[in-house]
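Enquirer: First, the structure itself, so that you have it in front of you.
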Amino acid sequence: MIGRLDQILDDTQEPGLPELRAVLVQTLGDSKGAILFTGAQRIWSRVYRLQFAAQAGTHTLVVKRLGPLEARRGEQVAWNWLPAVGLADGGPGLLAVAASARGDWVWHVYEDLGESALAGRESDTAAVAAAVRLIASIHSRFASHPLLAECRACGVFDISWFAGNVRDAIRGLEDIRPPAVSITVDQAALRGRLLARLRRLQAEQPKRARALADWGGPETLLHGDLWTSNTFVMRAPGGIQARLIDWDRAGVGPMSYDLSTFLLRFPAERRNWILDLYSRSLEGDAWQLPGISRLNQLFETAELARYANCVVWPALAITRENAAWGWKSLAEVDRWFTAMQPVIPGERVSHLRPVRQPANASRGHV
């Protein structure tokens, strides 16, 4: 029995709390003696750390609310896919699941990994090395693995991801037009710049598809959101242990997709070392990395696909709601395009050519 059970997240108005509380009773059921809920800390949107007092001392768990599709993806990763290749200990530590009565929300209950995220510790060589080796092991063991047939249902990050995001972004921007949407001269210019960039990327798609086919290596299971904030490294009985959390965007695609995300979280001067360690840590003949020029092109394709994806949703918000935040988001993506540099330093990014302003943009026409 848990004392103050009905107070768990009672001030949050979160859905599915009765189901969450019931599964917490089951999760903590093996604890000896009385258990008392003593408090909650909001870590992130829909993510909370719960604290309990027990005879053996303080115990903490992390709970996260997800949509059903993201929840199922995380469950497959933690309970089926990673264990199938001997990497269960590299996952998020999922302990239990509770779905709301309507099934529209799912609560995950995780081990609390504490304050051991790699974010903020990017200069810790030993911690970074442990994370890189885990990432290389996951990529290697899932390379051309039969389980990819199941993983593919979660999402695909190959050239179709690039093409689809570019196409959807163009459609979204083209739909922002008077009289349905009133736009200023500056907004018309921003829209024109983004459309010019995206149409150029659309024309480059065949070249990028060939590069991925020739140099991208086999497809594998991808984390999909490989920031250092989703990478945890901690002390363990056998030494340093790395774990990856938040598999909400997992899918199938080339290793370069995850690798570019991870490398960009580090200063440019550290990336060659990380890349070299990753290459040496790949198991068997999972992927023979191409030269830096070709790698940068693969990384660029992945990053540009993410940029295009970040255009889609603000554009839809502007069309549907005339949302002011949408224009701010589009302006930020425009700055990303302008500031883009090669992931591995020393080469010019291929697409960064001056964007010619449409002739009628200065008059506010669209």
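Enquirer: All but one of (1) at pLDDT 95 or above; (2) more than 27 Å from Ala324 (Cβ to Cβ); (3) outside any helix (DSSP H, G or I) hold for Ile176; which doesn't?
Expert: Here Ile176 meets the rest and fails (2).
Enquirer: From Arg171, Arg152, Arg133, which residue is of a type in the set (D, E, K, R) and farther than 28 Å from Lys64 by Cα?
Expert: After ruling out the rest, the residue left standing is Arg171.
Enquirer: Has the range 5-16 got any residue that is at pLDDT 95 or above, of a type in the set (A, V, I, L, M, F, W, C) and at positive phi?
Expert: yes
Enquirer: Would you mind finding the one in Asp246, Asp258 that is crowded, with 20+ Cβ neighbours inside 10 Å, assigned to a helix (DSSP H, G or I) and under 21 Å from the mean Cα position of the chain (by Cα)?
Expert: Unique residue meeting the criteria: Asp258.
Enquirer: Restricting to the range 314-352, what's the tally of residues that are at pLDDT 95 or above, in contact with a Pro (Cβ under 6 Å, 6 or more places away or on another chain) and surrounded by fewer than 19 Cβ atoms within 10 Å (Cβ to Cβ)?
Expert: Here the count works out to 1.
Enquirer: Kindly provide the set of residues from the range 224-243 that are surrounded by fewer than 19 Cβ atoms within 10 Å (Cβ to Cβ) and not in a helix (DSSP H, G or I), ordered by number.
Expert: Asp225, Trp227, Met234, Arg235, Ala236, Pro237, Gly238, Gly239, Ile240, Gln241
Enquirer: Considering only residues that are in a loop (DSSP other than H, G, I, E, B), among the charged types (D, E, K, R) and in contact with a strand residue (DSSP E or B) (Cβ under 9 Å, 6 or more places away or on another chain), which ones fall in the range 26-74?
Expert: Within the range 26-74, Lys32, Arg46 qualify.
Enquirer: Here is a check on your reading of the model: is Leu289 more than 30 Å from Ile183 (Cα to Cα), hydrophobic (A, V, I, L, M, F, W, C), assigned to a helix (DSSP H, G or I) and in contact (Cβ under 8 Å) with a residue 12 or more places away in the chain?
Expert: No, not satisfied.
Enquirer: Another question about this same structure. For Ala56, are the conditions met, namely being more than 13 Å from Trp107 (Cα to Cα), touching a Ser or Thr at 6+ places or on another chain (Cβ under 9 Å) and crowded, with 16+ Cβ neighbours inside 10 Å?
Expert: no
Enquirer: Restrict the check to the range 84-98 and report whether at least one residue is assigned to a helix (DSSP H, G or I) and either of a type outside the set (A, V, I, L, M, F, W, C) or within 19 Å of Ile8 (Cβ to Cβ) (or both).
Expert: Yes, some residue in the range 84-98 is assigned to a helix (DSSP H, G or I) and either of a type outside the set (A, V, I, L, M, F, W, C) or within 19 Å of Ile8 (Cβ to Cβ) (or both).
Enquirer: Oh, and also: If you take the residues in the range 292-310 that are over 21 Å from Leu195 (Cα atoms) and either in contact with a Ser or Thr (Cβ under 8 Å, 6 or more places away or on another chain) or without any contact (Cβ under 8 Å) to a residue 12 or more places away in the chain (or both), which one is surrounded by the most Cβ atoms within 10 Å (Cβ to Cβ)?
Expert: Leu298
Enquirer: Still on this model: State all residues of the range 8-17 that are more than 18 Å from Gly67 (Cβ to Cβ) and free of Cβ contacts under 8 Å to residues at least 24 places away in the same chain; if no residue qualifies, say none.
Expert: Asp10, Asp11
Enquirer: Quick one: is Glu150 part of a helix (DSSP H, G or I) and more than 18 Å from the chain's Cα centre (by Cα)?
Expert: When the stated conditions are applied, Glu150 passes them.
Enquirer: Something else now. Report yes if some residue within the range 78-88 is at negative phi, aromatic (Phe, Trp, Tyr) and at pLDDT below 95; otherwise report no.
Expert: The answer is no, given that none of the residues of the range 78-88 is at negative phi, aromatic (Phe, Trp, Tyr) and at pLDDT below 95.
Enquirer: For the subset of the range 129-147 comprising residues that are under 18 Å from the mean Cα position of the chain (by Cα) and aliphatic (A, V, I, L, M), which member is nearest to Thr220 (Cα to Cα)?
Expert: If we take residues in the range 129-147 being under 18 Å from the mean Cα position of the chain (by Cα) and aliphatic (A, V, I, L, M), then Ile138 is nearest to Thr220 (Cα to Cα).
Enquirer: Could you tell me whether Gly120 is small (Gly, Ala, Ser), assigned to a loop (DSSP other than H, G, I, E, B) and not assigned by TED's automatic domain parsing to the domain that holds Lys207?
Expert: Yes: the conditions hold for Gly120.
Enquirer: Here is a further query. Got a sec? Which of Ala213, Ala189, Ala203, Ala153 is modelled with pLDDT of 95 or more and either closer than 30 Å to Gln76 by Cβ or acidic (Asp, Glu) (or both)?
Expert: Criteria check complete, one pass: Ala213.
Enquirer: Sticking with this one: Which is surrounded by 20 or more Cβ atoms within 10 Å (Cβ to Cβ), farther than 24 Å from Ala101 by Cα and within 20 Å of the chain's Cα centre (by Cα), of Leu82, Leu66?
Expert: Among Leu82, Leu66, only Leu82 is surrounded by 20 or more Cβ atoms within 10 Å (Cβ to Cβ), farther than 24 Å from Ala101 by Cα and within 20 Å of the chain's Cα centre (by Cα).
The values are calculated or read from the model by the stated rules, or taken from the named source; none is laboratory data. A quick note: this is a predicted structure, and the numbers were derived from the prediction, not measured. Methodologically, a virtual Cβ is constructed for each residue, glycine included, from the backbone with ideal geometry; neighbour enumeration extends over all protein chains shown.
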